[in-house]
Each structure stands twice: as C-alpha cells, then as structure tokens.
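Participant: So that we are looking at the same thing, I have put the structure below in structure tokens.
None of the figures in this text is laboratory data; all of them are computed from the coordinates on show. This structure is a prediction, so every number in the text was calculated from the model and none was measured. When we count neighbours, we look across all protein chains shown, and the Cβ atoms used for this are built from the backbone with ideal geometry, even at glycine.
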Amino acid sequence: MNKQEFLELLRKGLYGLPQEDVEERIAFYAEIIDDRLEEGISETEAIAAVGSVEEIVFQTVSEIPFAKIAKERIKTKRLKAWEIVLLVLGSPIWLSLSIAAVAVILALYVSLWSVIISLWAVFVSFAACALGCVVGGAVLIYKGDIYAGIAVISAGIICAGFGIFMFYGCKLASKGVLILTKKIAVCIKNCFIKKEEA
C-alpha cells in the first residue's frame, strides 16, 4: 500500500468525525510518513511503522470528546416535520425504554466496579492480617510463647502470600475493566458518528 492509499483509507475510516479533526489527523500521518521517507525508509516500511488504519481510527475516536462528536452529528442532521411529530407521539414509549436501558447498563457497570472494589478490600484484609499476625507473633515470642508465636507468624506469611496474589489479580481486573470502559465509550461514540454511505 502506498502513502496515498493509506491516507485515503484513513480518511474513509475517520468519516463522520468533525472535519477539522479529520484534516488534522490526515496531515499528521502524512507528515510522519514523509519524515520516515526522508530518513531513507521505503514507503511500505514507513506506512507499516505508522500502524494500522483500524488502530488509528480507534485511537482518534477515543481521544475526541463525546460532546464534540454529538455536536457534529446534530449539526448535520435536520429533522423533517413528520419525523418531529413521530418523535413526540412515540416519546412515551421510546423515552421510557431508553431510560430503562440506560438504568440497566449503569447498574451492570456499577455492579462490575463493586466486584472490583470488593476484591481490593480482600487484598487489604490479607495485607492487614499479615501485618497483624507478624506483630502478634513477635509479641507472643517476646512473652515466651515461642511455638504459638511461630504459628502466628507463619499464618501471617501465608496471608502475605495470598495478599500478593490478590494484588496482582486485582490490578489485572481493574486494568481489564478500564480497557472495557474505554471500548464501550468508543462504541457509544461510534453510534453518533455518521458513516459514509456506500
């Protein structure tokens, strides 16, 4: 694929976004490719180094604020009189269904984050238990109850091990939910982007 084909694919992928953002991205990637060509890299290698069109479109959509995309969509769409009448007459149905759908999605999202918060609470409990057991075991050893102190310190070390596993699990789960959130936001933005008619 040459530079012109790449930029044309990129323009098609960004269709429906605000025009100034599309032109800014096209100019940015054209300049990157030109810089690579000046360095002596072949055109195919320069385009491969930039990345795929799909990745660039995903990144661009995720970076543009939702309000800007919605404003662009509203600006380009003018409703006819009969569409307005249908919207008003159907509002008791579509409005209540929309509110219910948003409430269900929000409840699922809040539930997902409550599970993540609960996992972090378990991690904190393991860490506190480990610290408490080590301190308690040291106190027992100091008071002369060596076997009980060693048993309590051993339990603290086991809790520390579980805490370490929980930390990495919680970290991965939190990162996964954040990635999922970003993908959902991009999907919602894509619903408002007017796609090119074939």
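Participant: Using only the Cα atoms of the chain, construct the convex hull and provide its projected area averaged over every direction, in square nanometres to one decimal.
Facilitator: That works out to 19.6 nm², a quarter of the Cα hull's surface.
Participant: So if I take the alpha carbon set of segment 3-64, get Rg, then get Rh from the Kirkwood formula, what is the Rg over Rh ratio?
Facilitator: Rounded to two decimals, Rg/Rh equals 0.97.
Participant: On to the next question. Run the simple label-point estimate for residue 38 and residue 148 please: 7 Å along Cα→C-beta, distance reported in nm.
Facilitator: Reported label-point gap for residue 38 and residue 148 is 7.8 nm.
Participant: Which whole DSSP H helices in the chain pass both tests: a Cα extent of 24 Å or more along the axis and a mean Kyte-Doolittle value no lower than -1.0?
Facilitator: Helices meeting the span and hydropathy rule in the chain are 19-38, 81-142, 146-192.
Participant: Can you give the FRET efficiency for residue 98 and residue 175, using 1/(1 + (r/R0)^6), R0 = 35 Å, r = Cβ-Cβ distance, to the nearest 0.05?
Facilitator: Efficiency at R0 = 35 Å is approximately 0.65.
Participant: Between residue 1 and residue 160, what is the label-point separation in nm under the 7 Å Cα-to-beta-carbon projection?
Facilitator: If labels sit at residue 160 and residue 1, their model points lie 5.3 nm apart.
Participant: Would you work out which of 152, 127, 96 lies farthest towards the positive end of the dipole of the chain, given +1 charges on the beta-carbon of Lys and Arg and -1 on that of Asp and Glu, about the Cα centre?
Facilitator: The Cα lying farthest towards the positive end belongs to 96.
Participant: Now, a different point. Using a Gaussian network for the chain with springs between C-alpha atoms less than 10 Å apart, which of these wobbles most: 134, 88, 57?
Facilitator: Checking each option, the largest mean-square fluctuation is seen for 88.
Participant: Per-residue ellipticity at 222 nm for the chain, helices alone: DSSP H runs ≥ 4 residues times -39500 (n - 2.57), over residue total, nearest 500 deg cm²/dmol?
Facilitator: -30500 deg cm²/dmol
Participant: Which order do the peptides 152-162, 135-145 take when ranked by the mean count of other beta-carbon atoms within 10 Å per residue, highest first?
Facilitator: Peptide ranking by packing, descending: 152-162, 135-145.
Participant: Sticking to Cα atoms, compute the Rg of segment 96-192 to one decimal and its Dmax as the biggest Cα-Cα distance, whole number, in Å.
Facilitator: 21.4, 71
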